[in-house]
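This report concerns only the one structure given below.
Throughout, read-outs are computed from the coordinates displayed, never taken from laboratory work. As the structure is a computational prediction, the values presented were derived from the model and not from experiment. Cβ placement follows ideal geometry from the backbone for every residue including glycine, while neighbour counts extend to all protein chains displayed.
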Amino acid sequence: MTLYRALVALGLGVMSASSVVAIQIPGTRVSYFAAIDTVNRDNRGLIKVFEVNDTGGQTLMEFVCDLGVMRASFRGKNVLLSESSREVGLFPLVVYQVDEQQLKSLRTAGLKDGDGQISLQGLAFENNAVVVAAFKNAASRVRLTVSRLGMTELTFVFDTRGFQQALTKIKPC
């Protein structure tokens, strides 16, 4: 299990309480955790951008500093892949749109849950830098459409106001 997956699974529990501070950016759907690993002093900052239509806060994009790189993942309340797709390692394509720009596609990979299983409700991205750049460069929103295999597609909208501010607060990975 990579350190990224361990941190997500443990909810950043590997760090002392004094090194993690959760802050909601006022007036936005963005929060961040400024965190430093107490053992090796690595940046373990985390940004969460919550989907605009999910009032329960279960659908979000998560950006985590892991070994000097920012990793992006998506977690939702809806099933994104079937058991059979998970078994053969076939993950859905994600089409994204930054503001009103042209549609672009992203390849996804499995995202492990707390039990070490590939989650049916989460996705990792093969090109983290593209996802981070999309959220960083958006003036107002990023729209993700997940083309679920054998199921209807789902579209999620993320208001990016506050993302830049959170990014500066967690400092470079």
Asn78 versus Asp99: modelled label distance in nm, points set 7 Å from Cα along the beta carbon direction: 2.6
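How large is the dipole of the stretch 71-173 about the Cα centre if only Lys and Arg carry +1 and Asp and Glu carry -1, each at its Cβ, rounded to the nearest 20 debye?
Numbers: 14 positive and 9 negative charges, 83 e Å.
Once rounded to the nearest 20, the dipole reads 400 debye.
Provide the gained length on full extension for the span Thr168 to Thr28, in nm with one decimal, where the gain is 0.36 nm per separating residue minus the Cα-Cα distance. Walk me through the numbers before you get to the answer.
Details: separation 140, 0.36 × 140 = 50.40 nm, distance 1.56 nm.
Contour length minus Cα-Cα distance gives 48.8 nm.
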Take a quick pass over the chain and tell me how many lysine pairs come in under 20 angstrom between Cα atoms, counting only ones 8 or more apart or on separate chains. 9
At most 15 other Cβ atoms within 10 Å plus a DSSP loop assignment makes a site exposed; report the longest stretch of the chain without any exposed GluC sites (Glu not before Pro). 1-99
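Kindly provide the trypsin sites (Lys or Arg not before Pro) of the stretch 53-103 that DSSP labels as loop, not H, G, I, E or B, and whose Cβ sees at most 16 other Cβ atoms within 10 Å.
Values: sites: Arg71, Arg75, Lys77, Arg86; in loops: Lys77.
Answer in residue order: Lys77.
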Using alpha carbon positions and the Kirkwood radius, the Rg to Rh ratio of the stretch 3-170 is 0.95
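Under a Cβ-only charge scheme (Lys and Arg +1, Asp and Glu -1), can you give me the dipole magnitude of the stretch 17-136 about the Cα centre, in debye to the nearest 20?
Using Cβ point charges on Lys, Arg, Asp and Glu, the stretch 17-136 gives about 180 debye.
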What helix-only [θ] at 222 nm does the chain give? Using -39500 (n - 2.57) per DSSP H run of at least 4, over all residues, to the nearest 500, the answer is -5000 deg cm²/dmol
For the pair Thr152/Val69, report the inter-label distance in nm, with labels modelled 7 Å from Cα in the Cβ direction. 3.6
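Ratio of the stretch 100-173's C-alpha Rg to 2.2 N^0.38 Å, to two decimals? Walk me through the numbers before you get to the answer.
On the way: Rg = 14.1 Å, N = 74, 2.2 N^0.38 = 11.3 Å.
The value comes to 1.25.
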